[in-house]
Amino acid sequence: MRTQGMLSIVASLGLALWLSDASAQLAPSRVNARNDLSTMAREPFKVFDNLYFVGQGEVASYVITTSEGHILIDTMWDLPGYTEYLLNNIRKVGLRPRDIKYVLILQGHRDHFMGAPALNDILNVQWGAAEEDWKLIEKDLGEYSPPRDIVIKEGDSLTLGDLTIDFEITPGHTPGTTSMRLPVYDNGVRHNAYFHGGTALRSDDPATIREFIADSERIKAMAGKEIDVQIVNHYDITPYGAPDLFQRARLLENRKPGEPHPWVRPGEIVRLMDELIADARAQLEAAEQN
Ligand SMILES: [Zn+2]
């Protein structure tokens, strides 16, 4: 029943977009190597006591749990099977989709928000994204866009039960890329995570690139002090020499008592930021020559 509903939404969404605007950007999503669930389905897993990976092999969704319900981060694709895949992953880690209170979209690219219309039909949640990326989402989804319940701004925070998330707007990947600082717990031991909403710089505007560099310098300065865990939303965005998300998940699964959690590596946050800063400086130089 639900699958049927989702499919008809997806079909009519594609038709509506096709009729309303012939530009390539508004075309319905198509299956490709990055989003084909026949090869990209992955087992979900618990990363921390209050953080679960429920995404696929290329792009992530996460569930953050609190004492008063859950927060879903990003929604992946609109292709057939995705809604049930995501909801089943949430169930597989022992959580109930009906306990989700908020869905936050950290960037206005399709692999992060196209699942939203179908989820909005099923879940009773509040939706959040930053102003600039709400515009991208609404431009693409039109009347099927989820409601603008929350417009996330720099310095905002969201408290649900025992958890508070602090937001930062970190433009560069998209104009409103949203990052989060939140506590995560490893068998009750607190760590402080920086969840970056989009580490790949996709701008040739010098002012935006400078802001991206300044944000990266700021995040780097927090490593080992205010933050010791880095979370990103694509599987292979890790510092050089570090395993990707799924290799790291195996390290976590096979961890012996007393060994450190494989996500708690503040030195890697520094190295990742150094890489981002070096690349961004090169892009800035190129942008300023144009
Ligand atoms: Zn993106």
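Tell me, what is the per residue accessible area of the chain in Å², probe radius 1.4 Å? Numbers along the way, then the final one.
Working: 13040 Å² over 290 residues.
For the chain, the solvent-accessible area averages 45 Å² per residue.
In this structure, the amide hydrogen of Val184, modeled 1.01 Å from its nitrogen in the peptide plane, lies closer than 5 angstrom to those of His191, Asn192, Ala193, counting only residues at least 5 positions away or on a different chain. Checking every one of the GluC sites (Glu not before Pro) in region 52-94 against DSSP loop status and a limit of 12 other Cβ atoms within 10 Å picks out Glu68. Taken one residue at a time, the phi angles of region 178-194 give Karplus couplings (6.51, -1.76, 1.60, θ = phi - 60°) of 10, 10, 9, 10, 8, x, 10, 10, 10, 6, x, 8, 6, 10, 10, 9, 10 Hz. Gly and Pro are set to x. By a 1.4 Å probe calculation restricted to protein chains, Leu72 has an accessible surface near 0 Å², given to the nearest 10. Counted without the sites themselves, the longest stretch of the chain free of trypsin sites (Lys or Arg not before Pro) in a DSSP loop having at most 16 other beta carbon atoms within 10 Å is 35-147.
Remark on Ala130: its backbone amide H falls under 5 Å from those of Ile152, a criterion applied only to residues 5 or more positions apart or on other chains, H modelled at 1.01 Å from N. Taking Cα pairs under 8 Å and at least six residues apart, what relative contact order does the chain come out at, in percent? Once normalised by length, the contact order is 13 percent.
Couplings 3J(HN,Hα) of region 52-65, computed from phi: 10, 7, 10, x, 10, x, 10, 10, 9, 10, 10, 10, 9, 9 Hz, in residue order, whole Hz [Karplus 6.51 cos²θ - 1.76 cosθ + 1.60, θ = phi - 60°; x for Gly and Pro].
Electrostatic tally near Asn32: other residues with Cβ closer than 12 Å to its Cβ, Lys and Arg +1, Asp and Glu -1, net 0. Apolar share of the accessible surface for the chain: 50 percent from carbon plus sulfur atoms, 1.4 Å probe.
The values are calculated or read from the model by the stated rules, or taken from the named source; none is laboratory data. From a predicted model like this one, the values you see are computed outputs, not experimental measurements. Counting neighbours? That spans all protein chains shown, and the Cβs are built from the backbone with ideal geometry, glycine included. In case anyone asks, the SASA skips ligands and DNA or RNA and just uses the protein heavy atoms, side chains included. Shrake-Rupley method; radii C 1.70, N 1.55, O 1.52, S 1.80 Å.
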